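Structure first, commentary second.
The values are calculated or read from the model by the stated rules, or taken from the named source; none is laboratory data. Nothing here was measured: the structure is a model prediction, and the numbers come from that model. Cβ: placed from backbone, ideal geometry, glycine included. Neighbour counts: every protein chain shown. Each accessible area value is taken on the protein alone, full model and side chains, heavy atoms only, with ligands, DNA and RNA left out. Shrake-Rupley method; radii C 1.70, N 1.55, O 1.52, S 1.80 Å.
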Amino acid sequence: MRRDQLVGWSKMLRLAVIVSVAIVVVVFAITVFAGGGWWRGDSADSSVASGSTGTPALRPADTTPVAAVWAVPKVFLGEWKVIAADPVSFDVSLTIRSGKNAEEVAFSSYTDSVSGARCERAERLVAATETELTLAARLTGGLRCADPATSSTVELRPDGSITYVVDRPGGAITSTLRKS
């Protein structure tokens, strides 16, 4: 082989290696920055919830230590309701059942009293104390529901009611609920 042919092959080989490395870098960047999330420990479940509108139901990551097992305190068990009027009138219903961490222990719904639109969520236990529950939710039903998977907290109040706070992209919704 002549020297000029070897130089040509060497340049082509070098170009092929550079292009291959560039492709690997681009695929990695897309995976990480366009929703891969595996490097943060996110565990997104992109399955569609039964009875939903076809929107993927993402699940917030559970940060429960492996050895920890929490149970829902009895004081939280039952059905809780409120009719709120800030800024729009809506009915909130939250049913909490017994269970331990990582289990779906709560089911909530919001019904707009003006439009009748209803959104439903299933919520799994992430942490529990005698006075507070931390939950991770997934959308299970409803049309035009704006809140994707979010976290929520339920805090026992001195008067026996609970404060239910739902974190969502447009801002938290806070309601005071009473057992029905």
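I need the full set of residues from region 121-135 which are over 10 Å from Glu104 (Cβ atoms), touching a residue at least 40 places away in the same chain (Cβ under 8 Å) and open to solvent by less than 70 Å² (accessible area, probe 1.4 Å), in order please. Those that are over 10 Å from Glu104 (Cβ atoms), touching a residue at least 40 places away in the same chain (Cβ under 8 Å) and open to solvent by less than 70 Å² (accessible area, probe 1.4 Å): Val126, Ala127, Ala128, Leu133. When region 117-146 is filtered for residues that are more than 13 Å from the chain's Cα centre (by Cα) and of a type in the set (Asp, Glu), the ones remaining, listed by number, are Glu120, Glu130, Glu132.
Only one residue in Val105, Val114 is free of Cβ contacts under 8 Å to residues at least 60 places away in the same chain and farther than 19 Å from Val82 by Cα, so which one is that? Among Val105, Val114, only Val105 is free of Cβ contacts under 8 Å to residues at least 60 places away in the same chain and farther than 19 Å from Val82 by Cα.
The single condition among (1) part of a strand (DSSP E or B); (2) open to solvent by 70 Å² or more (accessible area, probe 1.4 Å); (3) modelled with pLDDT under 90 that Val82 does not satisfy is (2). Of the residues making up region 141-175, those that are open to solvent by less than 70 Å² (accessible area, probe 1.4 Å), touching a Ser or Thr at 6+ places or on another chain (Cβ under 6 Å) and not small (Gly, Ala, Ser) number 6. Confirm whether Ala136 is assigned to a strand (DSSP E or B) and at pLDDT 95 or above. When the stated conditions are applied, Ala136 does not pass them.
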